[in-house]
Amino acid sequence: MMDHKVGTREEWLAARLELLEAEKELTRRSDEVARQRQALPWVRVEKEYRFDTDDGPATLADLFRGNSQLLVYHFMFGPDYTAGCPSCSAIADGFNGSVVHLANHDVTLHAVSQAPLPKLQAYKQRAGWTFPWASSAGSDFNYDFRVTHSADEWRSGSVEYNFRQMDVRPPASGEMHPDLIGLAAGVGTDWSTYRQQGPGLSAFVLDDGVVYHTYSTYERGVDAIWGMHPWLDRAPLGRNETGIWWRRKDEYDRH
């Protein structure tokens with residue numbers, strides 16, 4: 001039996017009205033943060049990045065697909081991965097339904113990964129996804145936007161990620177949490193190969209033929225687009241997480 005307070009409808013309503021004020025304040029604060037996000041200065045993208053897409057070679061400007069705004073999800077799928085990151089996969093499961101609405105609001109949603117295009121296409125077919133997904137193989141794109149790190153950076157213990165220096169190597173003892181070992185094994189690699197990649201989201205605008213970088217976020221900054229989390233936050237037991245419980249959608253025992 002679950003251990004939770006039980007009350008009357010009157011007690012529930014009083015507590016709910018108190019919570020409503022907190023939710024309204026959170027909404028107002030979220031709106032203010034969104035305004036700050038949109039007020040960031042734009043930075044001109046000087047490099048000519050090249051991508052492999054279903055339609056052939058493309059530039060960053062081509063990824064806009066006729067719109068003036070581009071949202072790139074940096075999907076963790078390295079060249080040596082045998083499958084996409086389970087966490088990124090769970091996030092991307094929500095993309096298909098949003099793409100058409102965003103496209104009709106002058107925004108293109110595009111995933112980008114460092115793995116070669118045939119790997120992405122095969123995994124996309126497995127997952128039943130239709131959103132656009134480009135390979136940045138052979139390009140500096142992932143490195144410049146700090147979602148891929150070289151082996152030398154990784155070994156040095158000083159990786160720039162989420163606007164700070166981090167050490168993502170295993171502890172000196174060599175003992176790693178089983179969840180982390182499982183994540184790496186789930187994409188067919190070891191931790192050092194797996195964690196050369198990182199998730200993130202970057203935004204761009206195309207103005208008078210010039211591409212500008214407007215925003216990037218990493219780590220829990222991508223929580224807002226992970227569709228299942230807002231649902232769980234409103235479920236009776238919340239996220240109720242004990243480790244990494246999610247799987248690729250075709251790997252659950254039941255669906």
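Label zone (Y215, point 7 Å along Cα-to-C-beta; backbone nitrogen cut-off 14 Å) within segment 101-129: 107-109. Helical content of the chain, expressed as a calculated mean residue ellipticity at 222 nm, amounts to -9500 deg cm²/dmol (DSSP H runs of 4 or more residues, -39,500 (n - 2.57) each, divided by residue number, nearest 500). Between R234 and L180, the distance separating the two model label sites (each 7 Å from Cα on the Cα→Cβ line) works out to 3.5 nm. Mind giving me the nanometre distance, one decimal, between the label points for V6 and Q165, set 7 Å out from Cα along Cα→Cβ? The modelled label-to-label distance comes out at 5.7 nm.
Over segment 1-57, the ratio between the Cα radius of gyration and 2.2 N^0.38 Å evaluates to 2.34. Cα extents for the chain along the principal axes, largest to smallest and rounded to whole angstrom: 63, 50, 36. Cβ crowding within 10 Å ranks M76, M166 as M166, M76, fewest other Cβ atoms first.
By the count of neighbouring beta-carbon atoms within 10 Å, fewest first, K249, K124 end up ordered K249, K124.
Basic side chains Lys and Arg get +1 at the Cβ, acidic Asp and Glu get -1 at the Cβ, and with that the dipole of segment 127-255 about its Cα centre reaches some 380 debye. For segment 1-59, applying the loop criterion from DSSP together with a ceiling of 15 other beta carbons within 10 Å to the trypsin sites (Lys or Arg not before Pro) yields K5, K47.
So how tilted is helix 117-127 from the main axis of the chain? Cα-based, degrees 0 to 90, rounded to 10. Between helix and principal axis, roughly 30 degrees. Annotation: aspartates and glutamates with alpha-carbon distance below 15 angstrom to K47 (same-chain offsets under eight excluded): D62, D140, D144. Using equal-weight Cα scatterers in the Debye expression, the normalised intensity of segment 148-224 in log10 at q = 0.13, 0.20, 0.23 Å⁻¹ is -0.51, -0.98, -1.15.
The calculated FRET efficiency for K24 paired with D190, based on their beta-carbon distance and R0 = 45 Å, is about 0.40. A dipole drawn for the chain from +1 and -1 charges on Cβ atoms has a positive end, and of M228, Y215, T53 the residue lying farthest that way is M228. Summing charges over all other residues whose Cβ lies under 14 Å from the Cβ of D207, with Lys and Arg as +1 and Asp and Glu as -1, gives -1. For the chain, the Cβ-based charge dipole about the Cα centre amounts to some 280 debye (Lys, Arg positive; Asp, Glu negative; other atoms uncharged).
Can you give the local net charge around R65? Use residues other than it whose beta-carbon is closer than 14 angstrom to its beta-carbon, Lys and Arg +1, Asp and Glu -1. The answer is -4. Multiplying the residue separation of T242 and A224 by 0.36 nm and removing their Cα-Cα distance gives an extension gain of 4.5 nm.
With a ≥ b ≥ c the root eigenvalues of the C-alpha gyration tensor of segment 127-255, is it rounded (a/c under 1.5), prolate (a/b larger than b/c) or oblate? Verdict is oblate for segment 127-255.
Around the Cα centre of segment 135-181, unit charges on the Cβ atoms of Lys, Arg, Asp and Glu (plus for the first two, minus for the last two) sum to a dipole of about 40 debye.
Rule-based calculations on the coordinates, nothing more; no lab input. What you are looking at is a predicted structure, and each value in this text was computed from that prediction instead of being measured. Glycine also receives a Cβ, built like all others from the backbone with ideal geometry; neighbour counts cover every protein chain displayed.
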